[in-house]
1. Find the residue count for segment B:161-178, including only residues that are in contact with a strand residue (DSSP E or B) (Cβ under 9 Å, 6 or more places away or on another chain), within 20 Å of B:Asn124 (Cβ to Cβ) and more than 11 Å from chain A (Cβ to nearest Cβ).
2. Restricting to segment B:119-141, name every residue that is in contact with an Asp or Glu (Cβ under 7 Å, 6 or more places away or on another chain) and away from chain A (no Cβ under 11 Å).
3. In segment A:14-42, how many are away from chain B (no Cβ under 11 Å) and in a helix (DSSP H, G or I)?
4. Tell me, which residue of segment B:26-60 that is under 16 Å from the mean Cα position of the chain (by Cα) and in a strand (DSSP E or B) is surrounded by the most Cβ atoms within 10 Å (Cβ to Cβ)?
5. Residues to consider are A:Glu320, A:Glu333; find the one that is on the phi < 0 side of the Ramachandran plot, without any contact (Cβ under 8 Å) to a residue 40 or more places away in the chain and either small (Gly, Ala, Ser) or assigned to a helix (DSSP H, G or I) (or both).
6. Can you name every residue in segment B:116-133 that is without any contact (Cβ under 8 Å) to a residue 40 or more places away in the chain and surrounded by 18 or more Cβ atoms within 10 Å (Cβ to Cβ)?
7. Quick one: in segment A:134-160, of everything that is among the aromatic types (Phe, Trp, Tyr) and in a helix (DSSP H, G or I), which residue is farthest from A:Glu177 (Cα to Cα)?
8. With respect to A:Val229, is the statement that it is at pLDDT 95 or above, under 30 Å from A:Met175 (Cα atoms) and over 18 Å from the mean Cα position of the chain (by Cα) true?
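The values are calculated or read from the model by the stated rules, or taken from the named source; none is laboratory data. This structure is a prediction, so every number in the text was calculated from the model and none was measured. Don't worry about glycine lacking a Cβ; one is built from the backbone with ideal geometry, like all the others, and counts go over all protein chains shown.
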Amino acid sequence: MALTLMKGSEAIAEAAIRAGARFFFGYPITPQTEIPEYMSERMPEVGGCFLQAESEVAAINMVYGAAGTGARVITSSSSPGVSLKQEGISYCAGAQLPCVILNVMRGGPGLGNIQASQGDYFQGVKGGGNGDYHLLTYAPSSVQEAIDIMMFAFDKAEKYRMPVLFLADGIIAQMMEPVEMPEMVDYKVDPEKKPWACTGWKPGDDPAKRGVINSIFIDTESLSEHNEVLQEQYRLAKANEQMWECYKTEDAEFIITAFGTVARIGKTVVDQMRAEGHKVGLFRPITVWPYPYDALKAACCAPQVKGILDVEVNEGQMLEDVKLAVEGQKPIEFFGHFGSQFPTTGEIRNKILEMKEAM
Amino acid sequence: MKKMMVLIGNYGSGKSELALNFAFQAAERGERTELLDLDMVNTYFRLTERGKQVEMKEIRLVSPNFANSGIETLSLPAEVASAFAMDWDTVIFDVGGDAVGSTALGRYYQDFMQLEEGALQVLNVVNIRRPLAGSVERIIHLQEEMQIHSRLKITGMINNTNLAEVTTTQELHDGYEMIKEVSIKTGVPVLYTAGKKDLLEKFLAEEGHDPQYIGTPLPIDIYMRRDWNSWISSLPEKRPQQLQYL
């Protein structure tokens with residue numbers, strides 16, 4: 001297959017279309033405006049619908065509506081915009097609506113800045129909206145990986161009937177890389193496979209088959225039952241969907257933990273430091289919910305490991321999950337910036353050398 | 001005579017990279033050089049990020065107000081006037097992508113029109129590995145749009161077909177074939193073919209190319225690279241091998 005040079009935003013948008021998305025609702029915000037821009041051109045070409053909503057709140061509720069018909073629907077925004085969407089995301093989760101939400105993270109809190117950041121890890125992974133829900137959350141490290149994940153994201157969302165979140169930092173959306181774009185998937189809504197979807201009811205049809213999509217369960221018993229259904233899906237997702245990458249961890253004395261673009265910088269550090277004779281490795285989660293705790297523990301708590309360095313562009317949000325996984329068995333240090341400065345390979349290298357010297 | 005070069009083209013076609021190369025080469029020849037970052041569209045990965053490197057070579061750099069400050073409401077700086085008013089040997093404009101980006105040039109229509117005949121080159125940088133410049137029709141469409149928006153006539157094309165780190169001579173070759181067709185259809189000449197030195201030499205050594213559609217070979221160095229680019233996962237064999245699925 002031929003390679004093309006694509007910007008992350010364009011590639012993610014094109015991949016969504018090729019995965020069967022035919023509805024896009026969104027509102028522009030840097031650094032992801034290229035996604036709606038691309039969708040506005042492409043959706044009409046494939047018979048889909050692009051709609052610039054009046055706000056992020058409206059957009060996510062349009063997603064709710066379209067997902068309710070069984071269609072493949074996607075919305076994108078960046079941090080402050082994703083904050084606005086939280087109510088709707090919680091409603092989608094509550095109503096078990098499969099959909100894909102893209103968060104191209106920028107600096108925060110509040111308006112923050114327009115540069116890339118990883119500050120919405122907590123929001124994406126630990127909640128955001130109200131209630132006991134989770135989102136199947138992916139943190140791609142390259143444009144190609146974002147494409148590859150997008151190609152199965154809708155399948156996963158439909159399998160577990162839960163929204164999928166892309167937690168991508170601004171760099172992934174803005175950088176250009178050579179990529180291989182998969183073929184278009186021929187997706188059509190199949191009412192047999194999605195019996196819950198509102199695919200059409202007319203007077204005279206069985207009243208029991210009228211679709212009602214809702215997240216309200218007034219009495220305590222039915223809400224409890226409904227939550228048990230959701231939790232069962234989360235248990236299944238935890239058992240089946242964890243993804244991660246171990247890079248040269250087998251004999252590593254120091255392991256970098258990172259996600260997204262930062263993991264990629266970390267990977268370069270591993271290669272550079274190995275060339276200098278330091279045994280360094282990298283562990284990166286690809287799903288940040290469900291978090292690959294066991295895999296991280298297996299890699300980072302191996303006998304030869306002397307220390308772990310968690311690197312993020314935030315104040316250490318994923319660090320909490322790394323600590324949960326490591327259970328105090330190994331020393332963990334953190335290095336990060338939270339003004340959107342991405343750590344350089346030199347900074348990470350120096351930090352590891354410091355740790356090494358201190359031991 | 002003052003030479004003025006305006007680089008326009010599709011998003012990601014390599015305008016900033018070529019602008020830096022043209023400027024550095026001019027400065028090395030001892031020419032008084034001014035480089036203007038006129039990209040009013042993008043806030044990421046822009047030429048001004050290499051500002052220090054540019055100024056170290058005694059090239060005057062003009063950037064939009066608020067470039068690289070994290071503010072996205074860029075505005076045209078008054079200093080653009082220096083390109084026309086001052087006595088330079090070489091002036092290079094690095095313009096934003098697509099028709100939207102080239103709109104910024106329209107503001108200087110009167111100034112461009114007052115240049116001496118032959119002083120102005122408006123160059124369309126083409127990378128056919130970019131999806132929206134991937135066919136003859138798309139390139140011509142883009143070219144027409146950019147001419148309308150910039151109020152300038154494109155005087156030449158640059159074949160800058162590449163796939164970043166994984167470029168081979170195949171890219172230059174495919175670019176050559178497609179851009180040749182565009183040139184025949186539109187009458188716009190191919191003025192340069194750009195690429196890293198070794199690749200360019202390999203391509204030029206291949207037989208069967210009409211030099212008319214290659215133009216001047218332009219060996220370039222890469223300045224816009226990220227220092228952690230070593231890991232590229234787009235090639236199947238380079239995708240993470242250790243990727244594990246529970």
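1. 4
2. Within segment B:119-141, B:Val136 is the sole residue that qualifies.
3. Residues meeting the conditions: 8.
4. Taking the candidates together, the pick is B:Leu35.
5. Every option except A:Glu320 fails the conditions.
6. B:Pro131
7. So, considering only residues that are among the aromatic types (Phe, Trp, Tyr) and in a helix (DSSP H, G or I), the one farthest from A:Glu177 (Cα to Cα) is A:Tyr160.
8. Spelling it out, it is not the case that A:Val229 is at pLDDT 95 or above, under 30 Å from A:Met175 (Cα atoms) and over 18 Å from the mean Cα position of the chain (by Cα).
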